[in-house]
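Worksheet for the structure shown next.
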Amino acid sequence: MAYSDKVIDHYSNPKNVGTLDKAKTNVGTGLVGAPECGDVMRLQIEVDEATGLIADAKFKTFGCGSAIASSSLATEWLKGKTVDQALSIDNMDIVEELNLPPVKIHCSVLAEDAIKAAINDYRVKNGMPALELEGAKH
Amino acid sequence: MELKLPIYLDNNATTPMDPRVLEAMLPYFVEKFGNAASRNHSFGWVAEEAVDYAREQVAKLINADPKEIIFTSGATESDNLALKGVFEMYASKGNHIITATTEHKAVLDACKHIEKMGGQVTYLEVNPEGLIDLQELENSITDKTILIALMYGNNEIGVIQPVREISAIARKHGVLFFTDATQAVGKIPVDVQADGIDLMAFSGHKMYGPKGVGALYVRRKNPRVKVTAQMDGGGHERGMRSGTMNVPAIVGLGKACELCMNEMEAEAKRLSVMRDRLENALLELEEAYVNGSKEHRLPHVSNISFKYVEGEGLMMGFNKNIALSSGSACTSASLEPSYVLKALGLGDDLAHSSLRFGLGRFTTDEQIDYTINAIKETVLKLREMSPLWEMFKEGIDLDTIEWAHH
C-alpha cells in the first residue's frame, strides 16, 4: 500500500513533536489508544488565558505513518483556534486532507479522540464540566 | 562497488530468481515446448527427459529417490496434498493429526478444513524460543493419530524444530511425519533419510527458482506412503497429482536445487556471519530483542522487536530503500499482529514492534551496512516521537496505565 505524499511529508517532517508541562493548569493532555492495538497518541494543547486561543499544541505518537501524520496534522490545525472551535475538528476532515485509505481511518479517529481528550482535561482542570463525548465512529 | 537501491531483505517472502535458473528454463518455452506426457513423438520425449532430469536434481538435494518427488504448483499445494491426502488415504486407520500453532497458514487452514471433514487436530503450543515440547508431542499421540505435521524452519522467526527427534517419536508410534520445509530446503542440509521424513513440502521461489512450482516428497519405502489425489485428471505423478507438467518451471526448480546443492554450505556460512553482524549491531539499541531461538535457527533469518516503536511506522522510515517485513498488524489485512510472535508469548505491543530480516544469495556487506544505519537512525527518530518511550524513560510502568481499547 502506497502512502499519500501528505502522509509521507508529515512522517518525514512531523510538526510539533514534543511535550508540554502537563502540570500547568492551562495545558490539556489527551492520551488515547493502546500499545496492544499498535497505536498510542498523546496530544497536548496550551491555552493562552488572555485570548482563549490555543497558543501551542504538541504530540507524541506510537503508531504507523498514518497515525503519526494524523496527529501532526491535528496539532497544526489546533493552533490559533479557540477550544470550542477545536471541538469541531472531525476525523473525516483528517481523512480527506491526508487521503487516508479505508484501513487507516482508525488513525484519524484516534486523532479526533486525542483532541477531545486533551480539551476535556483542560476543561476539568479549569473547573468546567467534562463534555459528554459521543466519540468518533469506530 | 556502488550501492544500488532498493535493497531486498525479504527473502523469506520470495527470492529473486538466479539468472542461471532462467537460462536453464528458456529453451522450454518456445523451442522445446512439448507435453511431457506425449509418449509417441520427440517433442514429448524431450520434455519428459527434462522433467526426469529435474526430478533427479531435486531428489539429490534432499537425498531422496527421484520417484519420490511429486511436482506441484508450490508449497501451499504440497501442504494441502500432504495433509488432506493423508487424511483421506489413512481414514481407516484414524483421523487425528498433530501440528503446532506456529505453522504456516497453508498447514493451519488445511487442518481447519480437515476438522470440518470430521478430523481431530491437536495444535501444540511452542515455548518462548518457538520450539515444540517433544514430551507433549508424544503425549498427544493416540491410537487414532495418523500424522504429525510440523514445519522444518519457521518463515517468520527462522526457528528450526528438532526434526530428528520428532521423526523418532513418529516412528516409535507408527505415525507418519510430514514437514513443511519451504524455508529450509536449499538453505540448510535437509536429508529425508537421516531426518526420518515421510512427506515434505517445498517450493521453487524460496530457493532462487521460479514461482508457481514446488514439490511434495512422498516416501516410497519403510514405510511406503500414499496420498489421495486432491485433483482429478490424467493421473500424472504416480496418480497423486494430475495436470500437465509445467516443464519450464520444473526445469527451473531442478536447476535451483542443483545450485543450492553446490553452493548451500558456503552460502549458509556467509549469510550467518552477515546476519549476526546485522543483528548484533541492531541489538546495540536499547530495548531491542531477538524473537525466537538464536541457537536453533536458519542462518539467514533474524526477527527483532524494537520496543516502543511500531513496525509499520518504522518501515516507513526506510521502505523506499529497504524491503523488509514486519509482524505489525498494520502490514496485514487482518489488523491482527503476527500469530507466530504471539505464540512465543510476546505481548501484542512487542509483536507490533517487530521486523523480519531475510538475507539471501544476493545480499552484500554494503547492503547490510546501509541497513544497520538506516534502521538505527529511524528507531531513534521514532522513539523521540513515541509517548511510550518517554514514559519508559520516566520510569512509568506501562502495564499500570489503563489504556482505552478500541
Counting only residues 5 or more apart in sequence or on a different chain, those whose built amide H sits under 5 Å from that of A:CYS64 are B:GLY313
Taking the Cα atoms of the stretch A:25-91 alone, what are Rg (to one decimal) and Dmax (as a whole number) in Å? 12.3, 41
Running Debye on chain B with equal point scatterers at the Cα sites and no solvent, what base-10 log of I(q)/I(0) appears at q = 0.10 Å⁻¹? -0.71
Counting only other chains, what is the mean number of Cβ atoms within 10 angstrom of the Cβ of each residue in peptide B:305-313? 4
Take the solvent-accessible surface of the protein heavy atoms, probe 1.4 Å, and return the percent of it on the stretch B:229-344 that carbon and sulfur atoms account for. 50 percent
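Using a Förster distance of 60 angstrom, determine the FRET efficiency expected from the C-beta separation of B:ILE401 and B:ASN35, and round it to 0.05. Don't skip to the answer; put the middle values down first.
Values: r = 66 Å, r/R0 = 1.10.
Efficiency for this residue pair is about 0.35.
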Helix axis angle, B:42-62 relative to chain B longest principal axis, alpha carbon, degrees: 50 degrees
In nm², the average projected area of the convex hull spanned by the Cα atoms of the stretch B:255-406 is 10.8 nm²
How big, in percent, is the set of alpha carbon pairs in chain A lying more than 26 Å apart? 16 percent
Ordered by number, the trypsin sites (Lys or Arg not before Pro) in the stretch A:67-138 that occupy a DSSP loop and have at most 11 other Cβ atoms within 10 Å are A:LYS137
Between 0 and 90°, nearest 10: helix B:247-282 axis offset from chain B longest Cα axis: 20 degrees
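Considering only DSSP beta bridges whose two residues both sit in the stretch B:82-227, what percent are antiparallel, to the nearest 5? Provide the component values of the computation, followed by the final result.
On the way: 6 of 21 bridges.
Percent antiparallel among DSSP bridges in the stretch B:82-227 is about 30.
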For chain B, take the longest principal axis of its alpha carbons; what is the angle in degrees between that and the long axis of helix B:75-89, to the nearest 10 within 0 to 90? 60 degrees
Given the protein assembly as shown, what percent of its DSSP beta bridges are antiparallel, to the nearest 5? 65 percent
What percent of all Cα-Cα pairs in the stretch A:67-110 falls into each 5 Å bin, going from 0 up to the bin containing the maximum distance? 5, 24, 36, 21, 11, 4, 0
Can you list the lysines whose alpha carbon is less than 17 Å from that of B:LYS32, not counting same-chain residues fewer than 8 positions off? B:LYS255
With all protein chains modelled, accessible area of A:SER4 [1.4 Å, Å²]: 30 Å²
Nearby lysines by direct alpha-carbon distance to B:LYS221 (threshold 25 angstrom, same-chain neighbours under 8 apart not counted): B:LYS60, B:LYS67, B:LYS84, B:LYS93, B:LYS144, B:LYS172
Solvent-accessible surface ranking, highest first, for B:LEU253, B:LEU3 at 1.4 angstrom: B:LEU3, B:LEU253
Viscosity 0.692 mPa s, temperature 37 °C: what is the translational diffusion coefficient of the protein assembly as shown from Stokes-Einstein with a Kirkwood Rh over Cα pairs, rounded to a whole number of µm²/s? 128 µm²/s
I'd like the Karplus ³J(HN,Hα) series for the stretch B:305-312: coefficients 6.51, -1.76, 1.60, θ = phi - 60°, whole numbers in Hz, and an x wherever there's a Gly or Pro. 9, 10, 4, 6, 10, 9, x, 5
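After finding the eigenvalues of the alpha carbon gyration tensor for the stretch B:1-128, what semi-axes result from the square roots of 5 times each, listed largest first in whole Å? Walk me through the intermediate numbers first.
Working: eigenvalues 240, 137, 30 Å².
Working from the Cα gyration tensor, I get semi-axes of 35, 26, 12 Å.
When the solvent-accessible surface of protein heavy atoms is calculated with a 1.4 angstrom probe, in what order do A:GLU36, A:GLU96 fall, highest first?
Values: A:GLU36 65, A:GLU96 145 Å².
Descending order: A:GLU96, A:GLU36.
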Please compute the alpha carbon radius of gyration of the stretch B:74-202, then divide it by the globular-protein estimate 2.2 N^0.38 Å. Two decimals is fine. 0.95
Below 12 Å, Cα to Cα, which aspartates and glutamates can A:LYS60 reach? Residues fewer than 8 away in the same chain don't count. A:ASP39, B:GLU384, B:GLU390
Taking B:ARG270, B:ARG224, B:ARG55 and ranking on accessible area (1.4 Å, protein atoms only), highest first, one gets B:ARG224, B:ARG270, B:ARG55
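The values are calculated or read from the model by the stated rules, or taken from the named source; none is laboratory data. As the structure is a computational prediction, the values presented were derived from the model and not from experiment. For neighbour counting, all protein chains shown are included, and Cβ atoms are generated from backbone atoms with ideal geometry for every residue, glycine included. These accessible areas exclude ligands, DNA and RNA; they are computed on the full protein's heavy atoms, side chains included. Shrake-Rupley method; radii C 1.70, N 1.55, O 1.52, S 1.80 Å.
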